[in-house]
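S.K.: Below you will find the structure I want to go over with you.
The values are calculated or read from the model by the stated rules, or taken from the named source; none is laboratory data. Remember, it's a predicted structure, so these values are computed and weren't measured experimentally. In this analysis, Cβ positions are derived from the backbone assuming ideal geometry, glycine residues included, and neighbour counts consider all displayed protein chains.
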């Protein structure tokens, strides 16, 4: 279900999107499976307008997405948090969590127009229940 949310689609509607004419399910299968201690995270979509209702410039939205400190955990490698000496209290996050990271953490990649980051398991600074309203200063 998280994949459908990340691709901004309705999971009950296998519509064809984009110029590649692939269904939502086919696009979801193209997400990489993580290996080792890596975590695949999606960038939450940014609001395209300010609280006042004024529209943001496309460049402003792009910068906000690039510099975001909140990510959505999509997949985790099999070795995430396996080292009991480094993570004695267990995993710091799980699939489906919104996590806090540093603005430039991880490797950035774009899949079908949606930006993702691959980060290390020790890059997580915290988990948040509701990411709305959290902005980088």
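Rundown of residues vs (1) on the phi < 0 side of the Ramachandran plot; (2) assigned by TED's automatic domain parsing to the domain that holds residue 123; (3) surrounded by fewer than 19 Cβ atoms within 10 Å (Cβ to Cβ); (4) not in a loop (DSSP other than H, G, I, E, B), yes/no style:
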{"residue": "39", "(1), (2), (3), (4)": "yes, yes, no, yes"}
{"residue": "59", "(1), (2), (3), (4)": "yes, yes, yes, yes"}
{"residue": "65", "(1), (2), (3), (4)": "yes, yes, yes, yes"}
{"residue": "79", "(1), (2), (3), (4)": "yes, yes, yes, no"}
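S.K.: Can you give me the number of residues within region 81-103 that are at negative phi and surrounded by 11 or more Cβ atoms within 10 Å (Cβ to Cβ)?
M.R.: The initial filter retains those residues of region 81-103 that are at negative phi, namely 82-89, 91-95, 97-103.
Filter once more, so that each one left must be surrounded by 11 or more Cβ atoms within 10 Å (Cβ to Cβ): 82-83, 87, 91-95, 97-102.
Adding up the residues that qualify gives 14.
S.K.: Of the residues that sit in region 106-115 and are at positive phi and surrounded by 13 or more Cβ atoms within 10 Å (Cβ to Cβ), which one is modelled with the highest pLDDT?
M.R.: As a first pass, look at region 106-115 and keep what is at positive phi: 106, 112-113.
Now restrict to residues that are surrounded by 13 or more Cβ atoms within 10 Å (Cβ to Cβ): 106, 112.
Values: 106: 89, 112: 82.
Once the filter is applied, the top-ranked residue is 106.
Residue by residue, here is whether (1) at pLDDT 90 or above; (2) under 11 Å from the mean Cα position of the chain (by Cα); (3) assigned to a strand (DSSP E or B) holds:
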| site | (1), (2), (3) |
| --- | --- |
| 94 | yes, no, no |
| 104 | no, no, no |
| 117 | yes, yes, yes |
| 127 | yes, no, yes |
| 136 | no, no, no |
